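The values are calculated or read from the model by the stated rules, or taken from the named source; none is laboratory data. What you see is a predicted model; the values in this text were computed from it and never measured. Reconstructed Cβ throughout: ideal geometry from the backbone, glycine too, with neighbour counts over all protein chains shown. Please note that ligands, DNA and RNA were not included when accessible areas were found on the heavy atoms of the full protein model with its side chains. Shrake-Rupley method; radii C 1.70, N 1.55, O 1.52, S 1.80 Å.
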Amino acid sequence: MINQEFVDKFRHYHKYGTWWDDLNPLTKFVVCFMVALTPIYALTWWYGLGVCVIVSIVAMTSKFRKNFFSLAVKVFLIITILLVVLRQIGHRATSITPLINIFGWQWYVETLFNSLNRASFIVGFSVTMILFFTTTPMRDITYQLEQMGVSHEASYVMLSSMQNIIDLKATAVTIFDSQKARGIETTGNAIKRAKAFFPTLAPLMIGAMQGTEEKTIALDARAFSVKRNHSFLRKLRPVQGYEWAMMAVAVIFNIAMIFVSFKILKQLPVTRFF
Amino acid sequence: MARIELKDVTYRYPYTKSPALKHITYTFEPGKFYGIIGENGGGKTTLCNLLRGLIPHFYQGSLKGDVIIDGTDVRKWDTDELSAQIGYVFQNPFTQISGIKETVFEEVGMGLENLGYSEEEVIKRVCDVCELLKITDLVEKDPNALSGGQKQRVAFASIISMDTEMLVIDEPTSQLDPEGTEDVFQIIKTLKEEHKTIVLVEHKIDLIAEFCDEIIVLKDGEIVFSGPTHEILSNRALLEANATIPQAAIFGHAMADAGKPLADIPITIEEAERLVRERKG
Ligand SMILES: Nc1ncnc2c1ncn2[C@@H]1O[C@H](COP(=O)(O)OP(=O)(O)OP(=O)(O)O)[C@@H](O)[C@H]1O
Ligand SMILES: [Mg+2]
């Protein structure tokens, strides 16, 4: 017997059961994008940090929070540390207040804040967009795009590229394993690994190319490109009234932040470390 | 009107020297069940590609002669429309999975979505087909993570759910256990009862003997034997050509060689049984 409860799900809009995840992908995108732009205007470390905190709180309510945090934390730390350190190497002339001295390498407070301000706009933007992409499965994005008139084919290309990356990764692992079994070194130092890596490329590429040809026929067998109106087994809830309101607020907030940033924020003493 | 007519068709894949099909002339009538047999590399899959219009629309190369589908030359057919007319189950089920659906249920329903069936219709058909192919316990699984046999069932289900008038089926049981093979043949039998035109490539000759109306034997791209199933499979020439023939026919020929011929050469066990019983002495 078929699980009727499972089948019944296709009779309704798909539900993740969490508020943020169940927003329409369009809503999530507009809100995230509008917010993501604001740290770029603000260029202020505490504003960027604030955005990251709020985004993280939203992410915590999501079913996909693990995906979010595993990527967002990496991006946050790598970009921040990189910029802070690089800035301390190259930005000395105007720096006045010493921070610490690491074996003769003098760090300055002003340089630190300057680099944090710069990091904040990259990190703030990235982390907010990561929220969108990690909490919105590709199939949801393409579904909404199709609803908005993007072609079936384009949406397939997006979906299958995602799947291809997953498949390619799996294939690479298989090839690596079989080469290891044949005695080729795939672990160890970088040179050894590189030597093992290049021979795997050829079968990988050939495999990927063959896959494309086969996939084309496979889709054709399912009447993929037939010129009729398609139906959707899995449907997402259309944009609700309050979601339009959310988007409007996000846009207004974005515009407001342009003014706030250039008229007020940059005048505050805490942010004037340029 | 013939469903598909092949007139002196010769086809060569791109970048190959010798043709994969040579001077093929054959008529496929609507509602009939055709079996294609022959050794590896004989051109069975190529013939399927031709009947389904993948040659010349997808596989370039050189195509000579006429392929007429429903009265229209294949070159004039819109490929996309052909895909809605003729179902094609591939030899390799691994390549038939779309790779973009999250569950088997959606995978099986994909063709129906593309054809624009209503939600309820899609759900109903997918449920029916899954029931039929005994994959109801797989519906929630990821189609990319199935065993070979499970994939083959899902691939088969995905195509027959589309309920096309004609079906081209290339070795649907290569990955299946005897029970799975039996299931698939039962389904093919029902499809036959629904008067669909079926072209089936299959190595399991006993099954071919039981179900097909006509048989085509391919060797090196040429039709070496063709005609009504019984006539072909009971033909001694087939035995002499070292082709695989049904056990019952081997038995029939052996009886004849031993000087105790049956009234006819049987091709199924049931026939053999009947003939032996009817034989006097
Ligand atoms: N895509 C292709 N490109 C070039 N040559 C091909 C291609 N597919 C098949 N051939 C060649 O065409 C010939 C017929 O192959 P085909 O796949 O039709 O045989 P088959 O009877 O289906 O064999 P099998 O029993 O192994 O499935 C073979 O010589 C094969 O090498
Ligand atoms: Mg074949």
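Any idea which of (1) away from ligand 1 (no atom under 15 Å from the Cβ); (2) open to solvent by 50 Å² or more (accessible area, probe 1.4 Å) is the one B:ILE4 doesn't satisfy?
Every listed condition holds for B:ILE4 apart from (2).
If you take just the helices (runs of 4 or more DSSP H) that sit entirely in region A:1-95, which of them hold at least 2 residues that are free of Cβ contacts under 8 Å to residues at least 40 places away in the same chain, more than 14 Å from every other protein chain (Cβ to nearest Cβ) and under 28 Å from A:PHE253 (Cα atoms)?
A:45-60, A:65-90
Name the single residue, out of those in region B:194-221 being part of a helix (DSSP H, G or I) and not hydrophobic (A, V, I, L, M, F, W, C), that is farthest from ligand 2 (Cβ to nearest atom).
Only one residue tops the list, namely B:GLU210.
Condition check ((1) over 23 Å from the mean Cα position of the chain (by Cα); (2) closer than 21 Å to A:THR142 by Cβ) across all residues:
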position	(1), (2)
B:THR95	no, no
B:SER98	no, yes
B:GLY111	no, yes
B:SER118	yes, no
B:ILE123	yes, no
B:VAL139	yes, no
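Quick test for you: out of B:GLU81, B:GLU113, pick the one residue that is of a type in the set (Asp, Glu), open to solvent by less than 20 Å² (accessible area, probe 1.4 Å), over 20 Å from B:THR25 (Cβ atoms) and at the interface with chain A (Cβ under 8 Å from one of its Cβ atoms).
Exactly one residue qualifies, and that residue is B:GLU113.
So in region A:138-197, with the set limited to residues that are loosely packed, with under 12 Cβ neighbours inside 10 Å and in contact with a helix residue (DSSP H, G or I) (Cβ under 8 Å, 6 or more places away or on another chain), which one is modelled with the highest pLDDT?
Filtering first and then ranking leaves A:MET148.
What's the number of the only condition in (1) assigned to a helix (DSSP H, G or I); (2) open to solvent by 10 Å² or more (accessible area, probe 1.4 Å); (3) of a type in the set (A, V, I, L, M, F, W, C); (4) closer than 22 Å to A:SER155 by Cβ that B:LEU191 fails to meet?
The single condition B:LEU191 does not satisfy is (4).
For B:THR95, work out the one condition from (1) within 25 Å of B:ILE68 (Cβ to Cβ); (2) within 8 Å of chain A (Cβ to nearest Cβ) it doesn't fulfil.
Of everything listed in (1) within 25 Å of B:ILE68 (Cβ to Cβ); (2) within 8 Å of chain A (Cβ to nearest Cβ), B:THR95 misses just condition (1).
Need pairs with beta-carbon distance below 8 Å; first residue over 21 Å from B:THR27 (Cα atoms) and within region B:3-17, second modelled with pLDDT of 95 or more and more than 16 Å from ligand 2 (Cβ to nearest atom); sequence gap 6+ or separate chains.
Correct list of pairs: empty, since none qualify.
For region B:156-172, give me each residue that is more than 10 Å from B:GLY87 (Cβ to Cβ), open to solvent by less than 10 Å² (accessible area, probe 1.4 Å) and either acidic (Asp, Glu) or over 14 Å from the mean Cα position of the chain (by Cα) (or both).
Passing the criteria: B:ALA157, B:ASP170.
Kindly indicate the residue of region B:44-78 that is small (Gly, Ala, Ser) and open to solvent by 10 Å² or more (accessible area, probe 1.4 Å) and also nearest to ligand 1 (Cβ to nearest atom) among those meeting that condition.
Only one residue tops the list, namely B:GLY61.
Looking at (1) open to solvent by 30 Å² or more (accessible area, probe 1.4 Å); (2) under 13 Å from the mean Cα position of the chain (by Cα), which one does A:CYS32 not meet, given that it meets all the others?
So A:CYS32 meets the others, but not (1).
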